[in-house]
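Colleague: The following block contains the structure, expressed as C-alpha cells.
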Amino acid sequence: MKRTKNGCGDHSVPTKVKKKKITVSAAKAKGRELQQWTCSMISKITGIPWGPDELIASREGAQNGTDVRLIDKALRLFPFSVECKRQETWAIPNWIQQARSNQLKGTDWLLVVKKSRQPPIVVMDAECFFKLMEKVINNG
C-alpha cells in the first residue's frame, strides 16, 4: 500500500495502488499462446505436425468448437475435445460445462488451464483418467 498525507499534520492515510490491467488484445494473445503450446505438445506425442493446414491446429478466436482442432488420425491418436483457458481467475465448473458442450462424439473432454508464472494444468473427468491409467499399466 502506498501512503499519502491527509492534510492534517504528520498522519498518513493508506491508498490502494491499482494494478495495471491487461489489454484485451494481450489477453487474447496469451490465450492463443496456450492453444499453440497445447497443439505443440499433442504434435510431439503423436508425431503429427501442427499448424493452420495440418491435422492438428489452434482454432481461431470467435469460432465455434474446441480450442484445438484435431482431424482424422490426430483425433484417433488423441481422442479428446480440448478447451484451453489462460486466466488469472479460474471458473473451473463453467469451463467444464463449456468443454462438455463442445465435446465431439467418441471423445472425452479435456481442459488445459494456466495462470501467469505457473505451469499449465490439465483437468479431466476422473473416470476417464483412471481408464487411461489402466490402459497404460496393462500395456506397459
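Read-outs throughout are calculated quantities, based only on the coordinates presented, and are distinct from any laboratory measurement. Every value quoted in this text rests on a predicted model; they were computed, and no experiment measured them. Quick reminder, even Gly has a Cβ in these numbers, built from the backbone with ideal geometry, and neighbours come from all protein chains shown.
Colleague: With 10 angstrom as the radius, rank Thr89, Thr23 by how many other C-beta atoms surround their C-beta, starting from the fewest.
Modeller: In increasing order of surrounding Cβ atoms, one gets Thr89, Thr23.
Colleague: While we're on this one: For the chain, what is the charge dipole size about the Cα centre, in debye to the nearest 20, if Lys and Arg each add +1 at the Cβ and Asp and Glu each add -1 at the Cβ?
Modeller: 960 debye
Colleague: When the helices in the chain are scored as -39500 (n - 2.57) per DSSP H run of 4 or longer and the sum is shared across all residues, what 222 nm value do you end up with, to the nearest 500 deg cm²/dmol?
Modeller: -12000 deg cm²/dmol
Colleague: What shape does the stretch 58-140 have by the C-alpha gyration tensor, where a ≥ b ≥ c are the square roots of the eigenvalues, rounded means a/c under 1.5, and otherwise prolate means a/b greater than b/c and oblate the rest?
Modeller: Oblate shape, in that a/c is at least 1.5 and b/c is the bigger or equal ratio.
Colleague: In the stretch 32-130, what trypsin sites (Lys or Arg not before Pro) fall in a loop by DSSP, with at most 14 other Cβ atoms inside 10 Å?
Modeller: Answer by residue number: Lys105, Lys115, Arg117.
Colleague: Okay, moving on. Gln103 versus Gln118, label points 7 Å from Cα toward the beta carbon: distance in nm?
Modeller: The modelled label-to-label distance comes out at 2.4 nm.
Colleague: Largest first and in whole Å, give the semi-axes of the chain's equivalent ellipsoid, each being the square root of 5 times a Cα gyration tensor eigenvalue.
Modeller: 41, 18, 13
Colleague: Within the stretch 50-92, what residues put their amide N at less than 11 Å from the label point 7 Å along the Cα-to-Cβ vector of Glu127?
Modeller: From the stretch 50-92, the list is empty.
Colleague: Mind listing which GluC sites (Glu not before Pro) in the stretch 79-140 are in a DSSP loop and have 11 or fewer other Cβ atoms within 10 Å?
Modeller: Qualifying residues, ordered by number: Glu88.
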